[in-house]
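Trainee: Supplied in structure tokens, the structure appears directly below.
Any read-out appearing in this document is the output of simple, stated calculations on the displayed coordinates, not a laboratory observation. Here the structure is a predicted model, which is why all the values come from computation and not from measurement. When we count neighbours, we look across all protein chains shown, and the Cβ atoms used for this are built from the backbone with ideal geometry, even at glycine.
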Amino acid sequence: MTTINTIEDLIRLLDENPEWVEALRARLLTRELVEMPQTLARFVETTNRRCDALEN
């Protein structure tokens, strides 16, 4: 079993185990924050389509 004594230990373990980062993120952040990148991407796509339609 690995002992984590410092923040550097935790960071090293997270770097070595990327799947742990996602699990930790899911525990620390709300669902809305976890989904924010996808929500923002949809917003940008919709906004760009609307701007393109206005320009034509």
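Trainee: In region 29-45, is there at least one residue being part of a helix (DSSP H, G or I) and of a type in the set (S, T, N, Q)?
Mentor: Yes, the conditions are met somewhere in region 29-45.
Trainee: Within the set of pairs 6 or more residues apart or between chains, which connect a residue that is touching a residue at least 40 places away in the same chain (Cβ under 8 Å) inside region 11-32 to a residue that is assigned to a helix (DSSP H, G or I) with Cβ atoms less than 9 Å apart?
Mentor: No pair meets every condition.
Trainee: Let me ask something else. Test of understanding: among Leu33, Leu29, Leu13, Leu54, which residue is surrounded by 10 or more Cβ atoms within 10 Å (Cβ to Cβ) and over 11 Å from the mean Cα position of the chain (by Cα)?
Mentor: Leu13
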